[in-house]
1. Count, please, the residues in the stretch 5-46 that happen to be in contact with a Gly (Cβ under 8 Å, 6 or more places away or on another chain) and on the phi > 0 side of the Ramachandran plot.
2. How about the stretch 1-48: which of its residues are touching a helix residue (DSSP H, G or I) at 6+ places or on another chain (Cβ under 7 Å) and either acidic (Asp, Glu) or free of Cβ contacts under 8 Å to residues at least 24 places away in the same chain (or both)?
3. Could you tell me which of the residues Ala23, Ala16, Ala9 is of a type outside the set (D, E, K, R), within 25 Å of Arg60 (Cβ to Cβ) and either within 10 Å of the chain's Cα centre (by Cα) or part of a loop (DSSP other than H, G, I, E, B) (or both)?
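The values are calculated or read from the model by the stated rules, or taken from the named source; none is laboratory data. All values derive from a computational prediction rather than experimental measurement. For neighbour counting, all protein chains shown are included, and Cβ atoms are generated from backbone atoms with ideal geometry for every residue, glycine included.
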Amino acid sequence: MEYTRFEKARIIGARALQISMGAPPLLEVQKKDPIEIAVLEFEEGVTPITVKRERETRIRPPV
């Protein structure tokens, strides 16, 4: 599934908050910054957060 930039920011932000509050990282990482860990998890596709859409959103290709 492709995400809009707003969905991506929300997913990474929510996961970074979970990590900062003590949730275990889902990847073996040496980094300590929750945002960097959340970005790595998102890029690897292991983030345990989904987006529920009421209707399909058209995603424009990057310019």
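1. 0
2. If the condition is that a residue be touching a helix residue (DSSP H, G or I) at 6+ places or on another chain (Cβ under 7 Å) and either acidic (Asp, Glu) or free of Cβ contacts under 8 Å to residues at least 24 places away in the same chain (or both), then Ala16, Ile19, Ser20, Pro25, Leu26, Leu27, Val29, Lys31, Pro34, Ile35, Ile37, Glu41 are the ones that fit.
3. Exactly one of Ala23, Ala16, Ala9 is of a type outside the set (D, E, K, R), within 25 Å of Arg60 (Cβ to Cβ) and either within 10 Å of the chain's Cα centre (by Cα) or part of a loop (DSSP other than H, G, I, E, B) (or both), namely Ala9.
Here is a yes/no grid of residues against (1) buried (at least 16 other Cβ atoms within 10 Å of the Cβ); (2) at pLDDT below 90; (3) touching a Ser or Thr at 6+ places or on another chain (Cβ under 9 Å):
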residue	(1), (2), (3)
Ile11	yes, no, yes
Leu17	no, no, no
Pro24	no, no, no
Pro34	yes, no, yes
Leu40	yes, no, no
Glu44	no, no, no
Thr47	yes, no, no
